[in-house]
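Student: This is the structure, below, for whatever I ask next.
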Amino acid sequence: MKYRKLGKTGLEVSEIGFGCTYFRETGEQVLSKMFDIGISAGINFLDCCLSRPDDRDVVGRLLKGRRDKIIIQGHLGLTVENGQEALTQDLHKSREHVEDLMRRLGTDYIDIAMLHCIDQPEEYEGAVKSGLIDYMLEQKKKGVFKYLGFSSHEVDLATRMVNSGSFDVVMFSISPLFDLVFNDMDRFFTMPNDEAYPKKLDIDDRRAGFYRLCAEKGIGISVMKALGAGSLVDPNDTPFDRAMTVGQCIRYALNRPAVSGVFLGMKDEKQLMDALAYYDCSEEELDYSSILSSVTGELTIKCLYCNHCLPCSARIDIGKVTRLLDKGDENDEYSKLEVKPSSCNGCGHCIPRCPFGINAQANMKKAAAKYS
C-alpha cells in the first residue's frame, strides 16, 4: 500500500480506501473478513456515509480495538425519512445524526467531517443559513472534527465552496466517465465520421481547472465513483470500445492533481483483492491512454445508482430498481424487492434531486412495465 498526504491536513491516507456503498448488502460476516484483509494490507481510509443505525453498529464493531488505525470520513447532512436515506441541511437533524454516528462507531472524534452531497446552490446556502457550517467550524475548533470537507458532483458549486476557505477536503466524482463524457456532451455526440471528431478527448476544462485549484489551495481530494458505478469495467456498458480494468480506473483517478485516495465500493473479498492487485500491475497494464481515445459515440447519460434521488414518498429503492432494469434479467432479485416500482405515485420529487439529470420517475415506469 502507498500513502498520500491529504492536502494540507497532514493526514496520510491510503491510496485505496473502503467505500461504504455495499456495506449493508455485503453483510457483517463477509465485511469483517474484508476489514481484516484490507487493514492488514494497509488500508487506513474509510468513508462512513451510513444513514441506518444498524449499519453504523456493524462498522463500530468492526473498528473496535483498531480505531487508531483508521482515518474516518464521516458525513453530515444525512437523515432518515420514511425509512429511507435523505439529504438535509437542517442543523438539528445533522447534529443528531453525526453524534449518533460517533456514538455507534465508539469514537469521540471524526477525522474528516463531510458536508454531504452539495450539488445545488440552495443546498449550500441552506447549510450556511441553518448554522450547519458554523457548527462544523465550532466542532473543528474543539477538536471533535479534526478537519472539514464536503462531497459534490458539481464543478462550479464545488469551486465556490473551496474558495470559501471553510473546507480542507472535497469528495468528488472522478473517472473518465465524468471528465471526458458526461461533461463534454457536445463533442461526444459529434458524428464519428466527421473530420472534426476528436481522435482523443481532453478532460473537460472546468473539471481540470477545479483539480488544479484544489492542488494550489492544498485541498485534498478523495474520490468517489471511480469505476462509474461499474460502467467502466463492464464490457457491455462502457462508453469506450473496451472496458477498463479496476487498476486502470484507480490509476486514472490518482493521476488527477490533488487526489489523495480513491474510495471503492467493494461487495466481497474478490473485489477487494482485485483492488489491492493494483500494486501488482505493471505500468503497461495500468496504461489507459489507448482506451480513452476509443469513445464509441453511443453513450447516453445513465443512472449511477447512488440514490441521491431519495427519499421516495412510495418508499421505492430507486437505485436498486434501476440497476435491475439496466441488467435486464434479474427477475429473482426483482421479486425480492420490498416495494415494487409500480408503487410510484408520480410525485416527481426524485427528478430534481439527481446530480446527473436522470428521470427516475420514467425509469420506474419502464421497470413496472417490464416486470408486470
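Student: Given a 1.4 Å probe and heavy atoms of the protein chains only, how would you sort D237, D36, largest accessible area at the top?
Tutor: D36, D237
Student: Based on the inverse mean of 1/r over its pairs of different Cα atoms, what is the Kirkwood hydrodynamic radius of segment 1-65, in Å?
Tutor: That comes to 12.7 Å for segment 1-65.
Student: Take every Cα pair under 8 Å in the chain that's 6+ residues apart, average their separations, divide by the length, and report that relative contact order as a whole percent. Provide the component values of the computation, followed by the final result.
Tutor: Working: 642 pairs, mean separation 63.3, N = 372.
The value is 17 percent.
Student: Now for a different question. Roll a 1.4 angstrom probe over the protein heavy atoms and tell me the percent of accessible area of the chain that is carbon or sulfur.
Tutor: Carbon and sulfur: 46 percent of the exposed surface of the chain.
Student: Sticking with this structure for a sec: For log10 I(q)/I(0) by the Debye sum over Cα atoms at q = 0.07, 0.09, 0.12, 0.15 Å⁻¹, the listed values are (i) -0.37, -0.56, -0.91, -1.29; (ii) -0.30, -0.50, -0.94, -1.54; (iii) -0.38, -0.62, -1.03, -1.34; which was obtained by calculation from the structure presented?
Tutor: (ii)
Student: When the chain is treated as a GNM, springs tying every alpha-carbon pair under 10 Å, which of A127, A243, A277 comes out with the largest mean-square fluctuation?
Tutor: A277
Student: Hey, what's the chain come to in accessible area per residue, 1.4 Å probe, Å²?
Tutor: 44 Å²
Student: At most 14 other C-beta atoms within 10 Å and a DSSP loop state: those are the exposed GluC sites (Glu not before Pro) I care about. Give me the longest piece of the chain that has none.
Tutor: For GluC sites (Glu not before Pro) (loop position, at most 14 other Cβ atoms within 10 Å), the longest site-free span of the chain is 1-194.
Student: I've got another one for you. Which one of I318, I118, I39 has the biggest mean-square fluctuation once the chain is modelled by GNM with Cα springs under 10 Å?
Tutor: I39
Student: How high is the FRET efficiency between R66 and S290 when r is their beta carbon distance and R₀ equals 45 Å, given to the nearest 0.05?
Tutor: About 0.60, to the nearest 0.05.
Student: Quick one: Debye curve from the alpha-carbon atoms of segment 78-129 only, equal weights, vacuum; give me log10 I(q)/I(0) at q = 0.23 Å⁻¹ to two decimals.
Tutor: Each listed q maps to, in turn, -0.96.
Student: Over 24 Å between Cα atoms: which of K93/K340; K69/K140; K69/K320; K336/K366; K93/K146; K142/K225 fall into that group? Provide the component values of the computation, followed by the final result.
Tutor: Working: K93/K340 29 Å; K69/K140 21 Å; K69/K320 33 Å; K336/K366 18 Å; K93/K146 21 Å; K142/K225 32 Å.
Listed pairs above 24 Å: K93/K340; K69/K320; K142/K225.
The values are calculated or read from the model by the stated rules, or taken from the named source; none is laboratory data. Nothing here was measured: the structure is a model prediction, and the numbers come from that model. Virtual Cβ from ideal backbone geometry, glycine too; neighbours counted across all protein chains shown. Remember, those area values only see protein heavy atoms, side chains included, never the ligands or the DNA or RNA. Shrake-Rupley method; radii C 1.70, N 1.55, O 1.52, S 1.80 Å.
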